[in-house]
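One structure is given below, encoded as C-alpha cells.
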Amino acid sequence: MTKADVATPSGALLLLVRRDGAVLLQHRDNIPTIDYPGRWGIPGGAVEPGETPWQAAVREIREETSYRIAPKDLNLIVVRADDRNGVPVWRHYFWAAYDGEQPVHCLEGQEMRWLFRDEAAGLTFCPGHGEALAVFFARAAARAGGRGSASAEHTDHENADHRSSPGAGSGG
C-alpha cells in the first residue's frame, strides 16, 4: 500500500461574521465519547467523499445551524494540519459574511454564540480553531487599517494563505 492509497482525514469549517465583527462559535457537547468535549470551535466537520472543502463547509454549517450559503461566498482563512489524537487532519478554515436575515439555530453542540474577539480570547478551543480565529482577526484588523473593527465589510474576498506545512501551528 502506498501513501496515495491511504485517505488523509480532512475537515472544513465556516466562521460566520456579522457586520459588527462578532463571529459565530460553537460550544461543543460535553459528551466524553466525542472529540474535544466541552471545547469551543468554529462550526464544521469532515469532508465527505466526492465533496470539495467548500461544499463540506456549506453542508456542515447548514446541518449545525440551518444557515444556507453558497460555496462561492466563502473566503479561505487558512489550510493547516491540526492534530487529532496523534493523526494530522488537514482542515480548511473559511469565513463568510452573515446575511443578517436568516436565523441561526443550534442543531449540534451545547450552544452557538456570537462573540467578539475579546470575548473569545478566554475560551478553550479545539486544536487549530483558536489559531485560525487569530489569523482571521489579525487580517480583518489589518484591512480595517487599525480602526479596531474586525467586521466582514473590511475584509476582501481572498482565496489564499495556504499554509500547508504541519508546522503551521497546533494546539487549542
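The values are calculated or read from the model by the stated rules, or taken from the named source; none is laboratory data. Just so you know, these numbers come straight off a predicted model, no measurement behind them. Cβ sites come from the backbone with ideal geometry, for glycine too, and all protein chains shown count toward neighbours.
Might you let me know whether region 3-13 holds any residue that is of a type in the set (D, E, K, R) and assigned to a loop (DSSP other than H, G, I, E, B)? No: zero hits.
Here the condition is being at pLDDT 95 or above, surrounded by fewer than 20 Cβ atoms within 10 Å (Cβ to Cβ) and of a type outside the set (A, V, I, L, M, F, W, C); of E51, E60, E64, it holds for E51 alone. Restrict the check to region 44-64 and report whether at least one residue is assigned to a loop (DSSP other than H, G, I, E, B) and touching a strand residue (DSSP E or B) at 6+ places or on another chain (Cβ under 7 Å). Yes, the conditions are met somewhere in region 44-64. You will find that of F137, F94, F116, F125, the residue that is within 16 Å of A22 (Cβ to Cβ), among the aromatic types (F, W, Y) and buried (at least 16 other Cβ atoms within 10 Å of the Cβ) is F137 and no other.
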